[in-house]
1. Could you work out the pair-distance distribution P(r) of region 105-174 from its alpha-carbon pairs, with 5 angstrom bin width and percents rounded to whole numbers?
2. So how compact is region 50-161: Cα radius of gyration and Dmax in angstrom?
3. If I model a spin label at residue 153 and residue 106 as a point 7 Å from the Cα along the Cα→Cβ vector, what separation in nanometres do I get?
4. Arrange 57, 88 by Cβ neighbour counts within 10 Å, fewest through most, would you?
5. Please check which bits of region 88-128 a label hung off residue 69 would reach, taking the label as a point 7 Å along Cα-to-C-beta and the cut-off as backbone N under 16 Å.
6. Fewest Cβ neighbours within 10 Å first, please rank 126, 85 accordingly.
7. Take residue 59 and residue 86, extend 7 Å from each Cα along the Cα→Cβ direction, and tell me the distance between the two endpoints in nm.
8. What is the distance, in nm, between label points placed 7 Å from the Cα along the Cα-to-Cβ direction at residue 170 and at residue 145?
């Protein structure tokens, strides 16, 4: 019985293989159609049409007041521009997540925001900024990271302690950091 089942399985497998080969031959005998793929031209994740520029003092010390000035401009007229920024708790009195609503904006119109901080300790930190525009009821966001070097820390050495430094295909240095969950 075992031998009979084995032969049946082999026969069925062979029939499936022959059928597949015949089907492939049938497909291959037809004229080939030209297919165009955009996979190599994939533009990446669409982002909001908003730009950000910022200014701050180059030399920042722990305990010294710091003002970071942000300027946002949109590439088109928008129904709403909302900015949310979060600050590392070592850059201020407490972890902060602040929302600023600018409302409707005309393309190229500047929207200014000032962030005042008093860094607590020496280190290399970031202010994370998320700008969201609304147009025709659709929202699009773009994220920005503002590096803040308190105490003129050697950024390369500090980042090496934070994670693995790699060079991407364009030659830009990136850092692979371990994932962390919000507290």
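1. P(r) over region 105-174, rounded to whole percents: 3, 10, 15, 18, 16, 13, 12, 10, 3, 0.
2. Values for region 50-161 (Cα only, Rg and Dmax): 15.4, 46 Å.
3. 4.4 nm
4. The fewest-first ordering by Cβ neighbours comes to 57, 88.
5. Answer for this model: 110-117.
6. By the 10 Å Cβ count, ascending, the order reads 126, 85.
7. Label-label distance for residue 59 and residue 86, simple model: 3.3 nm.
8. Those two pseudo-labels are separated by 1.5 nm.
We did not get these values from a lab; they are worked out from the coordinates using the rules stated. The structure displayed is predicted, hence computed values, not measured ones. When we count neighbours, we look across all protein chains shown, and the Cβ atoms used for this are built from the backbone with ideal geometry, even at glycine.
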